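Have a look at the structure below before the remarks.
Taken together, the values in this text are just the output of simple stated rules run on the coordinates, not laboratory data. Just so we're clear, the structure is a prediction, and the values are computed from it rather than from any experiment.
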Amino acid sequence: MTRGRALSRPVGGGRDLDRVGDLARAAGLVALAATLVPVVGEIVAVPVAAAAIVLGMVGVRRYETGRATTAAPALLGAFLGMAAVLVVTVTFVVTRAP
């Protein structure tokens, strides 16, 4: 975050500008929830988490260039996606240990 800028600012145009951030947040939540399901959850969580991370980066970039009104949902989605990848990695390492 840059100094002196809040995570949201009023801009005309409506919520359509923040659609990418909302999608990132939703994908991050789905990915994190999928990690709770054994076996199939890991298969679902990794691609959805990757999508959340990418959408989060796109959402933050849109905010930085002034094309989105808030960066908070995009950041949350990216962090949730990273948390899901971390949970899957830890689960994989723990269950595959000799």
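Available extension along the chain between ALA72 and LEU86 is 2.9 nm, counting 0.36 nm per residue and deducting the alpha carbon span. In the range 17-96 the Cα-Cα distances spread across 5 Å bins starting at 0 as 3, 22, 26, 18, 13, 9, 5, 3, 1, 0 percent of all pairs.
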